[in-house]
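Read the structure below first, then the notes.
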Amino acid sequence: MTEPEPLQQLDLTYVRFRGRKLSYFSGCDYFRLASHPQVVAALQDGVKKYGLNVAASRLTTGNHILYHRLEQSLAEFFHAPSALLVPTGYMSNLVVAQALAGNFSHALIDAESHPSLSDAARFLDCPVLRFDHQNPEDLARSVRRCGVGARLILLTEGLFSRDGSVAPLAEYLRRLPKDAWMVVDDAHGAGVLGRTGQGSLEHAGVGRRRIIQTITLSKAFGAYGGAILGTADLRQKILNRSQIFVGSTPLPLPLANAAVQGIRILKGDRSLRKRLAANLMYTRRALRGSNFAPIETSGPIITILPKDTKQIRQLKRRLLRAGIFPSFITYPSGPATGYFRFAISSEHTREQLDALISVLR
């Protein structure tokens, strides 16, 4: 992979690129809370009150009341029995897998899952079977291959960041044994999906029994870090068994303070999710029937798969002429040839959306 050129974010929905101010439909800051004045103020206040870093593991001398306050806020927002902070979203899946290693006979994973889930599966210390992307029937075939009495755990993303599609969690549960577990990486669904923003579990109408939800604070919540939502027993298992968790310095305290404020804003301001839904619906409706009509998904992501390098160059030029940053990316869980990924936010203006629609039509 080639390192891309640096970008400088301007205002809420623009970046500076090669000396030009361009509309920005990339990244994962779906509500632009990373630039929200109250979130920024909480970060600055955290620096003054707490400094930058506890400089120790939470299980030695690095624990802090602010971490417990943030975990309590997360548990309340997601209606989860317990929450545990980890330094990054990627790490959340690895920590869970270390804590559960040896408990299962087989791990089942969506073939197009995020690399963090693939890495986590290796920690589970059991055979790993991949099933076809979002295919409950192929999952059922994999379950049968494991045999009677198999102790199973399924790993999947909730909202897939490549195209905004959502895993059919309810269908998966119908095809899994009653004692199977599921890890749902909801980095992109948390705060975005569901009536109250609780993510893909709320969106699918499934409970939390035997489901572990892992999230990041760096997308919908505008801060940084990861978290694991599950039972108090799982939390204790992680403390006892995850060397990654034990051996890591926790989230910088100013970022934890900012995350508390981000959760408070997203919980209290329902207009954010309403504006995001309205912007996404407006864009999708306008693109129906066009050459680049995206697939209908629940997530705020529009993906364009170019036919060849000529089409890539043409679309990049058209986007730049329209004053839009050409968000063509390659990513491990996406197509090897790359793709255009446009992330719609609650803060994009109608004029910006119309400019994007005009290019893609």
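The values are calculated or read from the model by the stated rules, or taken from the named source; none is laboratory data. Being a predicted model, the structure only gives us computed values, none of them experimental. Glycine gets a Cβ as well: all are built from the backbone with ideal geometry, and neighbour counts include every protein chain shown. Quick note on the areas: whole protein, heavy atoms, side chains included, nothing else; ligands and nucleic acids left out. Shrake-Rupley method; radii C 1.70, N 1.55, O 1.52, S 1.80 Å.
If the condition is being on the phi > 0 side of the Ramachandran plot and in contact (Cβ under 8 Å) with a residue 40 or more places away in the chain, then the stretch 166-222 contributes G191, G197, G199, G222.
Just to be sure, is I302 under 28 Å from F77 (Cα atoms) and open to solvent by less than 20 Å² (accessible area, probe 1.4 Å)? In short, yes. Restricting A150, A97, A80 to those that are open to solvent by less than 30 Å² (accessible area, probe 1.4 Å), in a helix (DSSP H, G or I) and touching a strand residue (DSSP E or B) at 6+ places or on another chain (Cβ under 9 Å) reduces the list to A97.
Which one of R321, R313, R361 is under 20 Å from R284 (Cβ atoms) and basic (K, R)? Walk me through it before giving the result.
Working: R321 fails: under 20 Å from R284 (Cβ atoms); R313 fails: under 20 Å from R284 (Cβ atoms).
Selected residue: R361, the only one of R321, R313, R361 that is under 20 Å from R284 (Cβ atoms) and basic (K, R).
Within the stretch 32-56, residues that are under 23 Å from L12 (Cα atoms) sit with their Cβ atoms under 7 Å from residues that are of a type in the set (F, W, Y), at 6+ positions apart or across chains, in these pairs: L33/F221.
Selection of first residues in the stretch 223-240 that are open to solvent by 10 Å² or more (accessible area, probe 1.4 Å) and of second residues that are of a type in the set (A, V, I, L, M) and in a helix (DSSP H, G or I), restricted to Cβ pairs under 6 Å at least 6 apart or on distinct chains, gives the following pairs, ordered by first then second residue: A223/L255; A223/A258; A223/A259; Y224/L255; K237/A99.
Could you list, in sequence order, all residues of the stretch 323-347 that are over 16 Å from R313 (Cα atoms), open to solvent by 10 Å² or more (accessible area, probe 1.4 Å) and within 20 Å of the chain's Cα centre (by Cα)?
Hits for the stretch 323-347 are Y331, P332, S333, G334, P335, E347.
The set of residues in the stretch 98-119 being under 19 Å from A150 (Cβ atoms) and in contact (Cβ under 8 Å) with a residue 40 or more places away in the chain consists of L100, A101, N103, F104, S105, H106, A107, L108, I109, D110. Considering the stretch 119-131 alone, what residues qualify as being open to solvent by 80 Å² or more (accessible area, probe 1.4 Å) and closer than 19 Å to S161 by Cβ? Listed by number, the list holds a single entry, R130. Does A204 fit the bill of being farther than 27 Å from T88 by Cβ, at pLDDT 95 or above, of a type outside the set (S, T, Y) and open to solvent by less than 50 Å² (accessible area, probe 1.4 Å)? No.
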